[in-house]
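I have placed the structure first, in the form of structure tokens, so that the comments after it can refer back to it.
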Amino acid sequence: MLSVIVPIYNVRPYLGQCIESICNQTYRDLEIILVDDGSCDGSSGICDQYQAMDDRIVVLHKENEGLVKARKSGLQMSRGEYIAYVDGDDWIEPEMFERLYSTMAENNADIVMCGHYIDTGNISKEAYHDVPDGYYGKKQLIEQIYPEMIVGREFFDWKIYPALWDKLFKRECIMPYQMEVDDRLRMGEDAACTYPALLNADNIYILHECLYHYRQTTASMVKNIQDYIEERLQFQTLYASVAQSLGRYKDIFDLRGQWLRYVLFLMIPRSDGLYEGYDGLDFLFPFRDVGRGTDIVLYGAGTYGQRLYCYLEKTGFCRVVLWVDRNYAELQKMGLDVENPSKLQESDCNIVVIANTYERSRKELYRELSGKYPTKQICVIDEQLILSIQTRKAFGLV
């Protein structure tokens, strides 16, 4: 039996599509565990309705304690030999579990993973793990996967996505690592479980197929910091607890240096609330060449771009004269004031800030813009500044 754990909290508009995509899987031997984590938007009733229609569904209603506790609760009550996760606002392709299970059985793999779609409105973008598909035994994991599994030499790209939801696990290969994740975590909780599990796996299999749909909305992309002290504590807990866990397995491969870079990657979009002394800087961190009071074009309206735009609009630290993104049409439908990148030709502003933390996307944009607009100064994040002891101290990671 394959147990599917679905943590649910206030995702009513999307929950029906999520549950139906699981119920309609071509692989039928499923136990579907819906963990209602104290929803107050009607999601609870939807769970009960589907339970009445499909006897494979089990519903657990509990008080709101966060995603980590919800996943643990679902895992503890599950009976399956194989474990999968689906988030309550996402959905999956009909053959996902059949493809993952058959691959696992044919190769006796501990963990099987696939690609996914990033869905923003009507735009669907394919995303794959950055390694060739196929089987990896322990020797291959140590030589080919672990050295850049979390992050490579540059800031920032990963070879294996940290998500739990694009993977199928043998029960014994996920249980101990899920249960040791700190219950307080609200960010990075997937990675806190996934990477220790991969480090301890004897073998894995990677499918170059997109089978999962990860839904992006403005609500999921940008989270306002309500309590700066609590948020800093969250990240310090994430960094310290997982570094300690990875330290126990350092004889397999020492991932702690990569882990530091990963946590910094998560913290950069939230620098305005997490970097101690941020308001006292005379430049826009981490863009060392963008001074206070500068007029800029902001290129990028993903998680980082939205966060940076909101901060600049609120504080006036820099004036955003134009905000552009390739996915402007869908983002405009979400209510964002984003324009077509072609508007750059009409702008007199000579400084373009690329708000993208992913190394390959960032460099691709830099090459494109540098060729088109030689008179403009194209600014990207300063990797050396991010990795400096100064930054680590400001984030409370040393």
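Here are the numbers for this structure:
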read-out: Where Leu100 falls short, out of the listed (1) of a type outside the set (Phe, Trp, Tyr); (2) part of a strand (DSSP E or B); (3) under 22 Å from Glu20 (Cα atoms); (4) open to solvent by less than 60 Å² (accessible area, probe 1.4 Å); value: (2)
read-out: Which listed residue is assigned to a strand (DSSP E or B) and modelled with pLDDT of 95 or more, from Tyr177, Tyr214; value: Tyr214
read-out: Residue check for Arg153: among the basic types (Lys, Arg), in a helix (DSSP H, G or I), at negative phi and surrounded by fewer than 22 Cβ atoms within 10 Å (Cβ to Cβ); value: no
read-out: Residue match in the range 287-295 (condition: touching a residue at least 60 places away in the same chain (Cβ under 8 Å) and either in a loop (DSSP other than H, G, I, E, B) or in contact with a Ser or Thr (Cβ under 6 Å, 6 or more places away or on another chain) (or both)); value: no
read-out: Any chance Phe283 is closer than 30 Å to Gly335 by Cα, in contact with a strand residue (DSSP E or B) (Cβ under 7 Å, 6 or more places away or on another chain), open to solvent by 20 Å² or more (accessible area, probe 1.4 Å) and aromatic (Phe, Trp, Tyr); value: yes
read-out: Any hit, the range 122-133, residues being outside any strand (DSSP E or B), among the aliphatic types (A, V, I, L, M) and under 15 Å from Arg171 (Cα atoms); value: no
read-out: Filtered residue count, the range 174-185, keeping only those that are within 18 Å of Met113 (Cβ to Cβ) and either open to solvent by 20 Å² or more (accessible area, probe 1.4 Å) or of a type in the set (Asp, Glu) (or both); value: 2
read-out: Scan of the range 316-342 for residues that are charged (D, E, K, R), open to solvent by less than 70 Å² (accessible area, probe 1.4 Å) and assigned to a loop (DSSP other than H, G, I, E, B), ordered by number; value: Asp325
read-out: Which listed residue, of Ser44, Ser3, is in a strand (DSSP E or B) and surrounded by fewer than 24 Cβ atoms within 10 Å (Cβ to Cβ); value: Ser3
read-out: Selection from the range 296-310 of residues that are buried (at least 24 other Cβ atoms within 10 Å of the Cβ), of a type in the set (A, V, I, L, M, F, W, C) and assigned to a helix (DSSP H, G or I); value: Leu308
read-out: Residue within the range 78-97 that is more than 27 Å from Glu209 (Cα to Cα), surrounded by fewer than 16 Cβ atoms within 10 Å (Cβ to Cβ), modelled with pLDDT of 95 or more and out of contact with any Cys (no Cβ under 9 Å at 6 or more places or on another chain) present; value: yes
read-out: Residue match in the range 17-27 (condition: among the aliphatic types (A, V, I, L, M), in a helix (DSSP H, G or I) and open to solvent by 20 Å² or more (accessible area, probe 1.4 Å)); value: no
read-out: Near pairs, Cβ below 7 angstrom, 6+ apart or cross-chain, from the range 166-189 (over 30 Å from His208 (Cβ atoms)) to any residue that is of a type in the set (Val, Ile, Thr) and assigned to a helix (DSSP H, G or I); value: Asp182/Thr237; Asp183/Val68; Arg184/Thr237; Leu185/Val68; Leu185/Thr237
read-out: Any hit, the range 139-160, residues being at pLDDT 95 or above, in contact with a Leu (Cβ under 9 Å, 6 or more places away or on another chain) and over 23 Å from Tyr262 (Cα atoms); value: no
read-out: Residues located in the range 104-125, provided they are loosely packed, with under 14 Cβ neighbours inside 10 Å and in contact with a helix residue (DSSP H, G or I) (Cβ under 8 Å, 6 or more places away or on another chain); value: Asn122
read-out: Any chance Glu65 is within 21 Å of the chain's Cα centre (by Cα) and open to solvent by 30 Å² or more (accessible area, probe 1.4 Å); value: yes
read-out: Subset of the range 330-355 [more than 24 Å from Glu383 (Cβ to Cβ) and free of Cβ contacts under 8 Å to residues at least 40 places away in the same chain]; value: Gln332, Asp337, Val338, Glu339, Asn340, Ser342, Lys343, Gln345, Glu346, Asp348
read-out: When residues of the range 343-377 are limited to those that are basic (Lys, Arg) and open to solvent by less than 90 Å² (accessible area, probe 1.4 Å), the one nearest to Phe265 (Cα to Cα); value: Arg362
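The values are calculated or read from the model by the stated rules, or taken from the named source; none is laboratory data. Source: prediction; values computed, not measured. Heads up, the Cβs are rebuilt from the backbone with ideal geometry, glycines too, and the neighbour counts pull from every protein chain shown. Please note that ligands, DNA and RNA were not included when accessible areas were found on the heavy atoms of the full protein model with its side chains. Shrake-Rupley method; radii C 1.70, N 1.55, O 1.52, S 1.80 Å.
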